[in-house]
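The values are calculated or read from the model by the stated rules, or taken from the named source; none is laboratory data. Computed from a predicted model, the values in this text were never measured in an experiment. When we count neighbours, we look across all protein chains shown, and the Cβ atoms used for this are built from the backbone with ideal geometry, even at glycine. The area values use the complete protein model at the heavy-atom level, side chains included, leaving out ligands, DNA and RNA. Shrake-Rupley method; radii C 1.70, N 1.55, O 1.52, S 1.80 Å.
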Amino acid sequence: MKILVPVKRVIDYNVKVRVKADQTGVDLANVKMSMNPFCEIAVEEAVRLVEKGVATEVVVVSIGVTQAQETIRTALAMGADRGILLTSDQDLEPLNIAKLLKAVIAEEKPDMVLMGKQAIDGDNNATGQMLAALLDWPQATFASEINIDGGKAKVTREVDGGLQTLEVALPAIVTVDLRLNEPRFASLPNIMKAKKKPIDIKDAASMGVEVKNHLNVTKVTEPPKREAGIKVESAAELAAKLKEAGVI
Amino acid sequence: MAVLVYADHDGVNVKDSTNKAVSAALAISSDVHVLVAGSVAPAKSAASIDGVSKVLVAKSDALSKDIAEAVEALVTPLMANYDAVLFVAGAAGKNAAPRIAAKLDVAIISDIIEVTGPKSFVRPIYAGNALESVESSDGKLIITVRTTAFKAEGNGGAASIEEIVAPNATHSATFVSEAMVKSDRPELQGAKRVVSGGRALGSEEEFNAVIVPLADRLGAAVGASRAAVDAGYAPNDYQVGQTGKVVAPELYVAVGISGAIQHLAGMKDSKTIVAINKDPDAPIFQIADFGLVADYKTAVPEFQNSL
Ligand SMILES: Cc1cc2nc3c(=O)[nH]c(=O)nc-3n(C[C@H](O)[C@H](O)[C@H](O)COP(=O)(O)OP(=O)(O)OC[C@H]3O[C@@H](n4cnc5c(N)ncnc54)[C@H](O)[C@@H]3O)c2cc1C
């Protein structure tokens, strides 16, 4: 079984994001970039499926600037077998990414796509669902447990109110949530080994996919600031202040 | 043309989040219809929402389990009659809406917090650290609504109800089972008060012995940080934050929560924020209206006794 894992290069989750003064976006200059945490969880799960003997190959694909190679290398160091980078300098919407991934899937023919439920930059939580629709594949989103057996995946999903378990026939799209696993840190020998693993780099424009943005971003602004209030000395004072303010 | 709201309901009544999504829809068009999918019963409450002119109801088991393919098969053809469809940005809406958008070859406009024009919206990005204003060039708008940002429409209406037939398809995704958290406490989303516990609690027993009684005393819903959920102190459904639930209650009490950006993303629009934390430099104090630097072990019981 072959698993395709799309990965995204984003601002590291620990970085305090700054909005540009001209309101055209957020400042990406000299900011630490990392693999989207949800993509990391997807890579980890795919590698574990190989280690368990369920899967045989993990291919990672990233779409973005040439530096996204580093993101692919991280995945290779975690244990993925090879990478594909579709280069593009454009800020692509989820629908465009889904169309490009569909083109990659036509070439790679994976049995399953494992991917993050959302990227922590755009926070859309959409690409996996869109890809499933374009392929007419079943989807199981927000996975916290995945069991594969007999051409099917049984997936437990984190939904409002608790957990839901679905069974999807493969090939399928599974998007992963935080509690699926804890991604490993790549060991030094594996980082060295990853340098020799192949990455196929091609221009996204060569995929024969019409890329068109549907949303025009008119501005990006800072949210209203919330000021710190007061510190109280005791729990009794806290209760008194809340009563005084009419909150309780 | 009319716009459609996909109702969020519990099988009996529509939830308050639906009234809020209707309010967002009314900012786009004055002709708002509500689609109740799954069971028939909630149609009555949907029809009473102010500003709704028609309710469509489609009965089906797959729909009542929020199977994305079933929702897609129902809503996509209906979009011939609508300019926009709005889903509540919960797990079910986020699961289905992008699928419909892709089928229609249009963008998904996720998590809107403001309607600024017939095709213009504001949405948070980067865990709410930036707000993006977007204008769509699509003929059909597929939207999910962050309902905490909209007021709920009242229930003084009486719209007509029309039954429609859900497409009878077999789906390659099938429902196996579910494990829902049962609770008599208010639901986290939409609750007027929320008490959340963090990693400091240290165990499920401690969480239940400290956070739950305080919540009960305040008539509040219970929430948790990711760290508390990951460690198994509280169910996944309690997680507040960028990747959990977004809440904006009148009162939010954070106990033993440091205030990571990802947590703040889910609660910083609460009206009054109280933080109890033993570290005076915890980031949560930068946004708390009332901060108490103390060990929760003594502070929470004392607070409860002073109420
Ligand atoms: C992709 C991604 C998504 C995430 N999404 C979310 C999300 O949706 N929601 C979320 O909450 N987090 C999320 N996180 C995690 C987030 O970054 C933090 O790790 C998490 O919120 C920390 O939880 P905490 O505040 O309970 O724990 P800690 O940061 O460990 O804080 C514990 C606090 O308890 C205090 N404390 C300890 N003992 C006591 C005591 N006896 N009395 C009083 N105070 C005490 C400490 O001073 C400390 O401030 C996400 C992270 C990533 C990478």
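Filtered by the rule that a residue be within 24 Å of A:Val159 (Cβ to Cβ), open to solvent by 30 Å² or more (accessible area, probe 1.4 Å) and touching a helix residue (DSSP H, G or I) at 6+ places or on another chain (Cβ under 6 Å), segment B:244-274 gives B:Ala248, B:Gln262.
Within segment A:100-142, count every residue that is within 11 Å of another protein chain (Cβ to nearest Cβ), open to solvent by 20 Å² or more (accessible area, probe 1.4 Å) and over 16 Å from the mean Cα position of the chain (by Cα). Selection size over segment A:100-142: 5.
Can you run down the residue pairs with Cβ atoms below 9 Å, 6 or more apart or on separate chains, where the first is in segment B:266-280 and in contact (Cβ under 8 Å) with a residue 12 or more places away in the chain and the partner is charged (D, E, K, R) and within 6 Å of the ligand (Cβ to nearest atom)? Partner pairs satisfying both residue conditions: B:Ile276/B:Asp295; B:Lys278/B:Asp295. Strands (runs of 3 or more DSSP E) fully within segment B:160-201 that include at least 1 residues being within 16 Å of the ligand (Cβ to nearest atom) and either of a type in the set (Gly, Ala, Ser) or loosely packed, with under 14 Cβ neighbours inside 10 Å (or both): B:193-197. B:Ala220 meets each of the listed conditions (1) surrounded by fewer than 24 Cβ atoms within 10 Å (Cβ to Cβ); (2) away from the ligand (no atom under 12 Å from the Cβ) apart from (1). Could you tell me whether segment A:40-61 includes any residue that is within 14 Å of chain B (Cβ to nearest Cβ), open to solvent by 10 Å² or more (accessible area, probe 1.4 Å), within 16 Å of the ligand (Cβ to nearest atom) and at pLDDT 95 or above? Yes, there is a match, as at least one residue in segment A:40-61 is within 14 Å of chain B (Cβ to nearest Cβ), open to solvent by 10 Å² or more (accessible area, probe 1.4 Å), within 16 Å of the ligand (Cβ to nearest atom) and at pLDDT 95 or above. Could you go through segment B:275-288 and let me know if any residue there is surrounded by fewer than 21 Cβ atoms within 10 Å (Cβ to Cβ), within 25 Å of the chain's Cα centre (by Cα) and within 7 Å of the ligand (Cβ to nearest atom). Checked segment B:275-288: no residue is surrounded by fewer than 21 Cβ atoms within 10 Å (Cβ to Cβ), within 25 Å of the chain's Cα centre (by Cα) and within 7 Å of the ligand (Cβ to nearest atom). Within segment A:232-239, can one find any residue that is in a strand (DSSP E or B) and under 30 Å from B:Ile273 (Cα atoms)? Yes, some residue in segment A:232-239 is in a strand (DSSP E or B) and under 30 Å from B:Ile273 (Cα atoms). Exactly one of these conditions fails for A:Lys8: (1) more than 16 Å from the ligand (Cβ to nearest atom); (2) open to solvent by 50 Å² or more (accessible area, probe 1.4 Å); (3) in contact with a Ser or Thr (Cβ under 8 Å, 6 or more places away or on another chain); (4) within 14 Å of chain B (Cβ to nearest Cβ). Give me its number. If we test A:Lys8 against (1) more than 16 Å from the ligand (Cβ to nearest atom); (2) open to solvent by 50 Å² or more (accessible area, probe 1.4 Å); (3) in contact with a Ser or Thr (Cβ under 8 Å, 6 or more places away or on another chain); (4) within 14 Å of chain B (Cβ to nearest Cβ), just (1) comes out false. Going through (1) more than 8 Å from the ligand (Cβ to nearest atom); (2) over 19 Å from A:Leu242 (Cβ atoms); (3) more than 7 Å from chain A (Cβ to nearest Cβ); (4) not small (Gly, Ala, Ser) one by one, B:Asn236 falls short only on (3). Evaluate segment A:157-165: report whether one residue or more is open to solvent by 10 Å² or more (accessible area, probe 1.4 Å), at the interface with chain B (Cβ under 9 Å from one of its Cβ atoms), among the basic types (Lys, Arg) and touching a Ser or Thr at 6+ places or on another chain (Cβ under 7 Å). Scanning segment A:157-165, I find no residue that is open to solvent by 10 Å² or more (accessible area, probe 1.4 Å), at the interface with chain B (Cβ under 9 Å from one of its Cβ atoms), among the basic types (Lys, Arg) and touching a Ser or Thr at 6+ places or on another chain (Cβ under 7 Å), so the answer is no.
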